[in-house]
C-alpha cells in the first residue's frame with residue numbers, strides 16, 4: 001500500500017503549476033485557464049463513470065486517478081486550496097448528507 005496522499009498530490013500540482021516548465025503537462029494545462037481545466041475535469045468524470053458502469057475495475061482505478069489529478073488542477077487554477085475543501089468536508093461531517101443537501105437548497109433559495 002502506498003503512503004501517497006491527496007495532500008501530496010495537491011502540493012505536486014501547486015509546484016508544477018508554478019514552475020512555468022514548458023515540459024510540464026500541469027503547467028501547460030494551468031496556462032490554458034479555468035475553462036480548459038474544467039473541461040478536462042468533466043471529461044475525466046465521464047470516463048470514470050463509464051468505467052464504473054462497465055464494471056472495469058482497472059479502468060475505473062486509472063480514471064479515478066485522472067479525475068483526482070484534474071480536480072486538483074482546477075482547484076489550483078481557481079485559487080481554491082485543498083485545505084479549504086477539507087475544511088468544507090469537515091464542516092459537513094456534523095450533519096447527515098440529507099441535512100447538508102437541504103441546507104444548500106435553503107441557502108441558494110435566498
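Going highest first, how would you order 35-43, 17-25 by mean Cβ packing within 10 Å? Please list the in-between numbers first.
On the way: 35-43: 15.7, 17-25: 12.4.
Taking the mean over residues of other Cβ atoms within 10 Å, the ranking is 35-43, 17-25.
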Could you rank the peptides 4-15, 62-73 by their average count of other C-beta atoms within 10 Å per residue, with the highest value first?
62-73, 4-15
When the convex hull of the Cα atoms of the chain is projected onto a plane and the area is averaged over all directions, what value comes out in nm²?
9.3
Computed over the chain: longest principal axis from alpha-carbon atoms vs helix 82-92 long axis, angle to nearest 10 degrees, is 20
Please determine, in degrees from 0 to 90 and to the nearest 10, the orientation of helix 97-109 with respect to the longest principal axis defined by the Cα atoms of the chain, where the helix direction is its Cα long axis.
90
Once both label points are put 7 Å beyond Cα along the C-beta direction, the residue 5-residue 21 separation in nm becomes 2.3
Quick one: 104, 28, 16, fewest Cβ neighbours within 10 Å first, how do they rank?
104, 28, 16
Where does helix 34-53 land angle-wise versus the long Cα axis of the chain, in degrees 0 to 90, nearest 10?
70
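All of the numbers you see were taken from the coordinates with simple rules; none came from a lab. The structure presented is a predicted model; accordingly, all values stated were derived computationally and were not measured. Cβ atoms come from the backbone with ideal geometry, glycine included; neighbour counts cover every protein chain shown.
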